[in-house]
Amino acid sequence: MDDLMKAVVIRAFGGPDVLEDGYWPIPDPAPGEVRIRIEATSVNPIDLAWRRGELGQKLPAVLGRDFSGTIDAIGEGICDLASGDRVWGYQAGLASNGSYAEYLCLPSLLVAKRPRTISALEAAAMPVVGLTAYKCVCEKAQVAAGMPVLVTGAAGGVGAMIVQLAQHAGASPIVATAGSDRSAAYLVDELGLDPDRIVRYRGLSRKELAAAVFDRAGGHRPHIAFDTVGGAMKLLAFDTVAVDGHVVSIVEEPADFPLNLWDETASPMSMRSLSFHFVELSAGARLVGRDALCFFRKGFDWLGTQVDAGLIRPPRIQDMGVLSADTARKAHRLLATGHAGGKLIMTTGSHR
């Protein structure tokens, strides 16, 4: 079976048990594509939604969005990457298959040479959270020095990257929410946040939460509020952001979500002249095509420079073990609990 690779495959939508060990054709790169021998891949919430059949994907399928690995073949027209380059990438739904596999092919602009100073596992943990935070902070909100910001879910993968990018941009003060002692300790000890700027939200009413944010921000409203959690935290973002401020969210809500953005007499957007940005990382790649892919290379290169300069650290990781259906099932179940100790990583056994 020299033309087949090992992969974790789904042939029906459902719970974690639909993940199964299987074989998948080894892809060949088309013009403008590279083939990656995958070393590590991470598990993301989108994988769970895909597995449940919420994204309209076809079956059978191989899940997985971000990864690290080594280029082992290149298609025509590639001049900036070469076989043997160690890379990180994000497949954006444009790859031959997902990253729960030994190989994949994808457009070369969706990968970049990975930072020299981090491991393959750490590199696999960064693309989704790093690029999402980059789009939130640097492109949508355009955070600048002296801007007060609120980051909800700040100890999560995207939240922690937003905190670091906001720090890098000179935002001040940075107010963050934390739901546990472990999360609060991580924000203080690992990311260097002021403990007096952290809002512990457990048991607080909506009104008390808003008051806590104002208190931690020195009596001021944040100019930018980042929602990485949704639900009550999205409401908190809209409740507290300043006039002419910005709310940036990465979490969709149900149709009956109790926030009317368009009612001119009640909407926080009209009452305080707010802007609202929703960030969906792969939207441009899906809807615009190749012209949108330059964002990914630009983002990867910028993040890699910051990582190697010691200005941004990768997320916490939790090594789940070698890629298999059993490993993937365990990772999916753990991620669904909300109690993972960092980005969940699976390796192919070839990582260095």
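Here, each number is a calculation from the coordinates, and none is a lab measurement. Just so it is clear, the structure is predicted and the values come from calculations on it, not from any experiment. Note: ideal-geometry Cβ built from the backbone for every residue, glycine included; neighbour counts use all protein chains shown.
Within region 1-106, report the GluC sites (Glu not before Pro) that DSSP leaves as loop and that have at most 10 other Cβ atoms within 10 Å.
Counting only loop positions with at most 10 other Cβ atoms within 10 Å, the GluC sites (Glu not before Pro) in region 1-106 are 76.
In whole Hz and in residue order, list the ³J(HN,Hα) couplings for region 183-193 that follow from phi through the Karplus curve 6.51 cos²θ - 1.76 cosθ + 1.60, θ = phi - 60°; x for Gly and Pro.
Along region 183-193, the couplings run 5, 4, 5, 4, 4, 7, 6, 9, 9, x, 6 Hz.
Looking at region 261-327, which chymotrypsin sites (Phe, Trp or Tyr not before Pro) are in a loop (DSSP not H, G, I, E or B) and have at most 10 other Cβ atoms within 10 Å?
Sparse-neighbourhood loop chymotrypsin sites (Phe, Trp or Tyr not before Pro): 262.
Place a label point 7 angstrom from the Cα of residue 243 along the Cα-to-Cβ direction, then list the residues of region 204-221 whose backbone nitrogen is under 16 Å away.
Hits in region 204-221 for residue 243 at 16 Å: 220-221.
Report the residue, chosen from 266, 232, 176, that carries the largest GNM mean-square fluctuation when the chain is represented by alpha-carbon nodes joined by springs under 10 Å.
266
Using a cut-off of under 18 Å, list every residue of region 12-53 whose amide N is near the label point 7 Å from the Cα of residue 59 along the Cα-to-beta-carbon line.
12-24, 47-53
May I ask you to compute the full-extension gain from residue 28 to residue 72, defined as 0.36 nm times their residue separation minus their alpha-carbon distance, rounded to one decimal in nm?
Roughly 14.8 nm would be gained on extension.
Report the label-to-label distance for residue 215 and residue 190 in nanometres (one decimal), using points 7 Å from each Cα along the Cα→Cβ vector.
2.7
Under a plain spin-label model, where a point goes 7 Å from the Cα along Cα-to-Cβ, how far apart in nm are residue 205 and residue 316?
A separation of 3.2 nm, rounded to one decimal place.
Would you mind pulling out the separation of the Cα centroids of region 309-352 and region 31-67, in Å?
14
In nm, what is the difference between 0.36 nm times the number of residues separating residue 333 and residue 83 and their Cα-Cα distance?
Result: 86.4 nm gained on full extension.
Using a Förster radius of 22 Å, what is the FRET efficiency between residue 257 and residue 283 based on their Cβ-Cβ separation? Nearest 0.05, please.
For R0 = 22 Å, the calculated efficiency reads 0.65.
What do the square roots of 5 times the Cα gyration tensor eigenvalues come to for the chain, in whole Å, largest first, as semi-axes of the equivalent ellipsoid?
Semi-axes (√(5λ), whole Å): 36, 21, 19.
From the cross-link list 207/343; 140/207; 135/234; 6/113; 58/343, which pairs have alpha carbons spaced over 23 Å apart?
207/343; 140/207; 6/113; 58/343
Pairing the Cα long axis of helix 294-308 with the longest principal axis of the chain, what angle in degrees results, from 0 to 90 and rounded to the nearest 10?
For 294-308 against the chain, the angle is about 80 degrees.
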